[in-house]
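All remarks here apply to the structure that follows.
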Amino acid sequence: MGGAHESNQLFAIPPSGPASAYDIPVRVPTPLPVAFGMGGIAIGGPKGRLLWSVGTGVVPPVTYGSGYLNMATGQESPVPSQVSTQLHREAMLLSPNDTLYQVLFSAQSGQSIETRWSARRSTWVQVGTFPTVFGPIMGISDGGGVWARLPATKNPIDIEDWYVVYEVPGSTRVEKWRIHGNLLGIGPGYAVYIPFSDSQEVNILFPLQHRTLHFRGLTNPYPGALQVGDIGVPAQFGTDSEVVAVGHGFKTEEIVVYTK
């Protein structure tokens, strides 16, 4: 993105294939504010709609511009009002098949209500309700299954004992898998963690498949650096993968977990 011009460019980078550039009508002040931020969510695949926003991360946020871009034609249209009110909420998540969901708590019913965005009808369509999980929602599967994390102990200083939680709207069943280790991230259908028993190992758990991948013999390539770092969270950034940086010998390598 450029500087203080009436028009700037936004680049959409897919997991495979060439990147695309789009002119967006937004004026960005210079010098850039410290809390400057921008992002976009591709709804409906590479020829769908791109919901983008440019502004600050302060409270209350300042928005310099936002739009609802047709990636097939490059044409802009105003952000639908029902979406713009949710732009800064963590409850908006993208599923692996590029469907936009939101999960909101209902104080009246004591449940969470999940809806999905219908681009064709320009409205939220209710998917279902489920008992509220008191933990951050980290991902949504195709069809609306919710993935979250919960502490497995009431001890606030124990940061290596977790539950991976899965719920399906319309069902009262809550599935949980316990992890004893440093939880790096959760996405639709998987969890990445360093087991408490071995700090030189990274495990990727696929609980619905009853399968775990083990990456052993990892080392710290840089003195004082984190041995393993999670540098991509699909639920928050609308990406298609989770990227975990690990050390192997004196090299830094990446483990990529694709959600589709």
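I'm checking my understanding of the structure. Among residues of region 198-214 that are part of a loop (DSSP other than H, G, I, E, B) and open to solvent by 30 Å² or more (accessible area, probe 1.4 Å), which one is nearest to Val146 (Cα to Cα)? Ranking the qualifying residues of region 198-214, first place goes to His210. Which residue is most open to solvent (accessible area, probe 1.4 Å), if the candidates are limited to region 114-129 and must be in contact with a Gly (Cβ under 8 Å, 6 or more places away or on another chain) and modelled with pLDDT of 85 or more? Filtering region 114-129 for residues that are in contact with a Gly (Cβ under 8 Å, 6 or more places away or on another chain) and modelled with pLDDT of 85 or more, the one most open to solvent (accessible area, probe 1.4 Å) comes out as Arg116.
Being among the β-branched types (Val, Ile, Thr), at pLDDT 80 or above and crowded, with 16+ Cβ neighbours inside 10 Å is a description that does not apply to Thr63. Scanning region 162-197 for residues that are surrounded by fewer than 18 Cβ atoms within 10 Å (Cβ to Cβ), of a type in the set (A, V, I, L, M, F, W, C) and in a loop (DSSP other than H, G, I, E, B) yields a total of 1. Test Pro78 against the stated conditions and say whether it is in contact with a helix residue (DSSP H, G or I) (Cβ under 9 Å, 6 or more places away or on another chain), loosely packed, with under 15 Cβ neighbours inside 10 Å and more than 23 Å from Trp147 (Cα to Cα). Spelling it out, Pro78 is indeed in contact with a helix residue (DSSP H, G or I) (Cβ under 9 Å, 6 or more places away or on another chain), loosely packed, with under 15 Cβ neighbours inside 10 Å and more than 23 Å from Trp147 (Cα to Cα).
The values are calculated or read from the model by the stated rules, or taken from the named source; none is laboratory data. Source: prediction; values computed, not measured. Cβ: placed from backbone, ideal geometry, glycine included. Neighbour counts: every protein chain shown. What goes into the accessible areas is simple: the full protein's heavy atoms, side chains included, and nothing from ligands, DNA or RNA. Shrake-Rupley method; radii C 1.70, N 1.55, O 1.52, S 1.80 Å.
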